[in-house]
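Participant: This structure is in structure tokens; I'll ask about it shortly.
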Amino acid sequence: MTDAPDIDALQVDSLVIGAGPAGLMAAEALARAGRRVTVAEAKPSPARKFLMAGKSGLNLTRDEAPAAFLSHYGDAAPHLAPMLAEFGPSEAQDWARGLGQDLFTGSTGRVFPVAMKASPLLRAWLARLADMGVTLHTRWRWTGWSQGGCRIETPGGTAVLHPRVTVIACGGASWARLGSDGAWAEWIGVETAPFAPSNAALRVEWSGHMTRHFGQPLKNIALTAGNITSRGEVTLSAKGIEGGGIYPLTPALRQGAPLCIDLLPDLGAQTIRQRIARPRGKASLSNHLRKTLKLDPAKIALLMECARPLPDDLAPLLKALPIPHQGPRPMDEAISTAGGVTFAALDDALMLRARPGTFIAGEMLDWEAPTGGYLLTACMATGLWAGRHAAQWAHDHG
């Protein structure tokens, strides 16, 4: 990090705007190609969202075959395919190991640093970039175009920079306090798709009956919305339902698709009926369900909340319990966002058609993917792609 610059003396060769994973990957690619790189970061320190994501264990990528990995990117998969072919799960792991991080793969294929934090990885990365001559300026905020260049608000005043090449990686529109506020969409000057929450918690207006179950997990369930099904744990909260199991369903839920939860995904309906038909004696229905089906109190409470009055045949409800909801939680609470610069506004190198020499990377692009390593890998892959092509463009037009 550097102090306020002498604005009048600034000479910038290659400018990267945004010091998250995509921006830092672009900076490294440019530096490896021999460019003099300046990184402008609006916040007082780099990669804040990356660090926040790593507090509970940094999920770098997913150890999957390329085709299976690519399938998680939906409509954007054809655009991202060449980038993920160059930097996919294997390359992401090699990259982290190259920064001195030992890794392990969990039972679901998720890959983590043994340290389970982002900070050691980020420190090693920033040190390597500094050794490569990359200059990082914090509290430098890009605020649009001026006089044919990039207008940057710095602690020393306003600068208009005219780099040979620029990579912009300002993030999406979630977690604004960490730097991704989406404000750039007002001045980017090209076609953008509207922002929408992705990997978001779900709003549910519970009755008072549910209060004592807030904070309780629902484990071993399957959730379905539209044509998306997810097997993963969720947590009941005062605001609704949150957790890894609900996040992949966000694209369908924000379109108003109904949510159904299979409370017993490993049992068929007929098996459920047979178990419920066992003699009940004087036990309450809740205790009977707990004993015969091993339903925990949170699952029983959810059944009572969403399905009363209960029908005689409970099996269909236990296999597909409808959950009334009010859509995803607000976008700023979401882990990521859909929307952003459309691929139609870019060429195959991620260069803006309307601004030759300016490239876009990371969550600024109009794509989305579930959590589980897919987000981070694609952010870095697009950053690497944009950085390499920006370096080539600068060479060709130098």
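Participant: Which of the numbered conditions does ALA9 fail, given that it passes all the others? Conditions: (1) small (Gly, Ala, Ser); (2) farther than 25 Å from GLN93 by Cα; (3) modelled with pLDDT of 95 or more.
Facilitator: Unmet condition: (3).
Participant: Does SER284 count as out of contact with any helix residue (DSSP H, G or I) (no Cβ under 7 Å at 6 or more places or on another chain) and of a type outside the set (Phe, Trp, Tyr)?
Facilitator: Criteria met by SER284.
Participant: Hey, among ALA81, ALA68, ALA92, ALA27, which residue is closer than 20 Å to GLY133 by Cβ and aliphatic (A, V, I, L, M)?
Facilitator: Values: ALA81 fails: closer than 20 Å to GLY133 by Cβ; ALA68 fails: closer than 20 Å to GLY133 by Cβ; ALA92 fails: closer than 20 Å to GLY133 by Cβ.
Every option except ALA27 fails the conditions.
Participant: List every residue pair whose Cβ atoms sit under 7 Å apart, with the two residues 6 or more apart in sequence or on different chains, where the first one lies in region 94-109 and is at pLDDT 95 or above and the second, anywhere, is charged (D, E, K, R).
Facilitator: LEU99/ARG128; LEU103/ARG97; THR105/ASP63; GLY109/ARG62; GLY109/ASP63; GLY109/GLU64
Participant: Here are the criteria: (1) crowded, with 18+ Cβ neighbours inside 10 Å; (2) touching a residue at least 60 places away in the same chain (Cβ under 8 Å); (3) under 24 Å from THR250 (Cα atoms); (4) not charged (D, E, K, R). Tell me which single one MET52 does not satisfy.
Facilitator: For MET52, the exception is condition (1).
Participant: For region 188-199, state whether one or more residues are surrounded by fewer than 17 Cβ atoms within 10 Å (Cβ to Cβ) and farther than 30 Å from LEU352 by Cβ.
Facilitator: No, region 188-199 contains no residue that is surrounded by fewer than 17 Cβ atoms within 10 Å (Cβ to Cβ) and farther than 30 Å from LEU352 by Cβ.
Participant: If you go through region 334-355 one residue at a time, do you hit one that is closer than 30 Å to THR271 by Cβ and surrounded by fewer than 18 Cβ atoms within 10 Å (Cβ to Cβ)?
Facilitator: Looking only at region 334-355, we keep the residues that are closer than 30 Å to THR271 by Cβ, and these are none.
So far as region 334-355 goes, no, none of its residues is closer than 30 Å to THR271 by Cβ and surrounded by fewer than 18 Cβ atoms within 10 Å (Cβ to Cβ).
Participant: Restricting to helices (runs of 4 or more DSSP H) lying wholly in region 203-315: which have 2 or more residues that are surrounded by 15 or more Cβ atoms within 10 Å (Cβ to Cβ) and either in contact with a Gly (Cβ under 7 Å, 6 or more places away or on another chain) or in contact (Cβ under 8 Å) with a residue 60 or more places away in the chain (or both)?
Facilitator: Once the helices (runs of 4 or more DSSP H) in region 203-315 are filtered for at least 2 residues that are surrounded by 15 or more Cβ atoms within 10 Å (Cβ to Cβ) and either in contact with a Gly (Cβ under 7 Å, 6 or more places away or on another chain) or in contact (Cβ under 8 Å) with a residue 60 or more places away in the chain (or both), what remains is 250-253, 297-307.
Participant: I need the helices (runs of 4 or more DSSP H) fully contained in region 16-134, keeping only those with at least 2 residues that are of a type in the set (D, E, K, R) and in contact with a Lys or Arg (Cβ under 7 Å, 6 or more places away or on another chain).
Facilitator: none
Participant: Just to be sure I understand, how many residues within region 15-36 are within 26 Å of ARG177 (Cα to Cα) and among the hydrophobic types (A, V, I, L, M, F, W, C)?
Facilitator: Residues in region 15-36 being within 26 Å of ARG177 (Cα to Cα) and among the hydrophobic types (A, V, I, L, M, F, W, C): 9 in total.
Participant: Go through (1) aliphatic (A, V, I, L, M); (2) over 23 Å from CYS170 (Cβ atoms); (3) surrounded by fewer than 17 Cβ atoms within 10 Å (Cβ to Cβ); (4) in contact with a helix residue (DSSP H, G or I) (Cβ under 7 Å, 6 or more places away or on another chain) for LEU70 and report which single condition fails.
Facilitator: If we test LEU70 against (1) aliphatic (A, V, I, L, M); (2) over 23 Å from CYS170 (Cβ atoms); (3) surrounded by fewer than 17 Cβ atoms within 10 Å (Cβ to Cβ); (4) in contact with a helix residue (DSSP H, G or I) (Cβ under 7 Å, 6 or more places away or on another chain), just (3) comes out false.
Participant: Moving on. Which residues, counting only those in region 142-176, are surrounded by fewer than 17 Cβ atoms within 10 Å (Cβ to Cβ) and either touching a His at 6+ places or on another chain (Cβ under 6 Å) or part of a strand (DSSP E or B) (or both)? Spell out how you get there, then give the answer.
Facilitator: Quick first cut of region 142-176, residues surrounded by fewer than 17 Cβ atoms within 10 Å (Cβ to Cβ) only: 143-149, 151, 153, 155-158, 160, 162, 176.
Across region 142-176, the qualifying residues are THR143, GLY144, TRP145, SER146, GLY149, ARG151, GLU153, GLY157, THR158, VAL160.
Participant: Checking LEU321 against (1) within 34 Å of the chain's Cα centre (by Cα); (2) surrounded by fewer than 18 Cβ atoms within 10 Å (Cβ to Cβ), only one condition comes out false. Which one?
Facilitator: (2) is the only condition that LEU321 fails.
Participant: Right, another one. With respect to ALA33, determine if the residue is crowded, with 22+ Cβ neighbours inside 10 Å and closer than 29 Å to GLY398 by Cβ.
Facilitator: No; evaluated as a whole, the condition is false for this residue.
Participant: Here's something else I'd like to know. For region 116-141, how many residues meet the condition of being touching a residue at least 12 places away in the same chain (Cβ under 8 Å), surrounded by fewer than 16 Cβ atoms within 10 Å (Cβ to Cβ) and among the aliphatic types (A, V, I, L, M)?
Facilitator: The number of residues fulfilling the criteria is 3.
Participant: I'd like to know if region 345-365 contains one or more residues that are at pLDDT 95 or above, of a type in the set (A, V, I, L, M, F, W, C), under 15 Å from GLY172 (Cα atoms) and part of a loop (DSSP other than H, G, I, E, B).
Facilitator: So in region 345-365, the residues at pLDDT 95 or above come out as 345-365.
Remaining after also requiring of a type in the set (A, V, I, L, M, F, W, C): 345-346, 349-352, 354, 359-361, 364-365.
Those still in the list that are under 15 Å from GLY172 (Cα atoms) too: 360-361, 364-365.
Checking which are part of a loop (DSSP other than H, G, I, E, B) leaves us with 361.
Yes; the residues of region 345-365 include at least one that is at pLDDT 95 or above, of a type in the set (A, V, I, L, M, F, W, C), under 15 Å from GLY172 (Cα atoms) and part of a loop (DSSP other than H, G, I, E, B).
Participant: Filter region 191-202 for residues that are in a loop (DSSP other than H, G, I, E, B) and at pLDDT 95 or above; which is nearest to CYS306 (Cα to Cα)?
Facilitator: Checked region 191-202; the qualifying residue nearest to CYS306 (Cα to Cα) is ALA201.
Participant: For ALA53, work out the one condition from (1) at pLDDT 95 or above; (2) in contact with a helix residue (DSSP H, G or I) (Cβ under 8 Å, 6 or more places away or on another chain) it doesn't fulfil.
Facilitator: Among (1) at pLDDT 95 or above; (2) in contact with a helix residue (DSSP H, G or I) (Cβ under 8 Å, 6 or more places away or on another chain), ALA53 violates only (1).
The values are calculated or read from the model by the stated rules, or taken from the named source; none is laboratory data. Remember, predicted model here, so these are calculated numbers, not experimental data. Positions of Cβ are backbone-derived with ideal geometry, glycine not excepted, and every protein chain shown enters the neighbour counts.
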